[in-house]
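> My questions will all concern the structure given below.
Values quoted throughout were computed directly from the atomic coordinates according to the rules given, and no laboratory measurement underlies them. These figures come from a predicted structure and were not determined experimentally. As a convention, Cβ positions derive from the backbone with ideal geometry for all residues, glycine included, and neighbour counts pool all protein chains shown.
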Amino acid sequence: MRTVELRVRTGDRLVTDLTADVRAFAGAAGGDGLLQVFVPHATAGVALLETGSGSEADLADAVARVVPREARFAHAHGSLGHGGDHVLPAFVAPSLTVPVVDGVPQLGVWQSVVLVDPNVDNPDRTVRLSFLAG
């Protein structure tokens, strides 16, 4: 299995597009197989999302409704809403798998691989890409 770790600075962005990195890693791995994207963080997840069409803002609105920053959480340290950041991975999983054929991720026409990270207290993230040849 081939693996690489990316360092991603999210800052105050909820959504960071990882698609170019995923395509480059799959292309370098070559062949057919499965590519897994994993974030080893308790407050972030990865998803497939259409980007550039307003979906990022729609996702931000949905996250705000599901885990509002002003809500009270038992996990209460950090910035306002940080407890909700820890709830997010229950809805946006910390990993996803993409099939790869001939070194090309088999994403749909409008699918992008994105990091979803509401945690403004920790703007530096690690994303692990792993390729298992088939």
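> Go ahead and run the numbers for FRET between LEU6 and ALA90, Cβ-Cβ distance against an R0 of 22 Å, rounding to 0.05.
It comes to 0.40.
> In what sequence do SER130, SER95, SER53 fall when counting other Cβ within 10 Å, fewest first?
Ordered by Cβ neighbours within 10 Å, fewest first: SER53, SER95, SER130.
> So how do LEU59, LEU49 line up by other beta-carbon neighbours within 10 Å, fewest first?
Going from least to most buried by this count: LEU59, LEU49.
> Return one number: the angle in degrees, 0 to 90 and rounded to the nearest 10, between the long axis of the Cα atoms of helix 55-66 and the longest principal axis of the Cα atoms of the chain.
40
> Test of the criteria: in region 1-101, which GluC sites (Glu not before Pro) are in a DSSP loop and have at most 16 other Cβ atoms within 10 angstrom of their Cβ?
GLU50, GLU70
> While we're here: Pairs of Cα atoms under 8 Å, at least six residues apart: use those to get the relative contact order of the chain, whole percent.
53
> Which residue, PRO40, ALA60, ALA74, has the largest displacement toward the positive end of the dipole of region 36-82 when charges sit on each Cβ (Lys, Arg +1; Asp, Glu -1)?
Looking along the dipole axis, the top candidate is ALA74.
> How about region 41-134: which trypsin sites (Lys or Arg not before Pro) there are in a DSSP loop, with at most 12 other Cβ atoms within 10 Å of their Cβ? Numbers along the way, then the final one.
On the way: sites: ARG65, ARG69, ARG72, ARG125, ARG128; in loops: ARG69, ARG72.
Here the sparse-neighbourhood loop sites are ARG72.
> If I compute semi-axes √(5λ) of the Cα gyration tensor in Å from the structure I just sent, which labelled value in [x] 29, 15, 11; [y] 23, 16, 12; [z] 69, 22, 12 lines up?
Here semi-axes √(5λ) of the Cα gyration tensor in Å agrees with entry [x].
> Could I ask something else about it? Using the Karplus curve 6.51 cos²θ - 1.76 cosθ + 1.60 with θ = phi - 60°, work out ³J(HN,Hα) for each residue of region 96-104 in order, rounded to whole Hz, and write x for Gly and Pro.
For region 96-104, the Karplus curve yields 8, 10, 10, x, 10, 10, 6, x, 10 Hz.
> Measuring from label point to label point, each 7 Å out along Cα→Cβ, what is the ASP121 to ALA74 span in nm?
It works out to 1.7 nm between the two label points.
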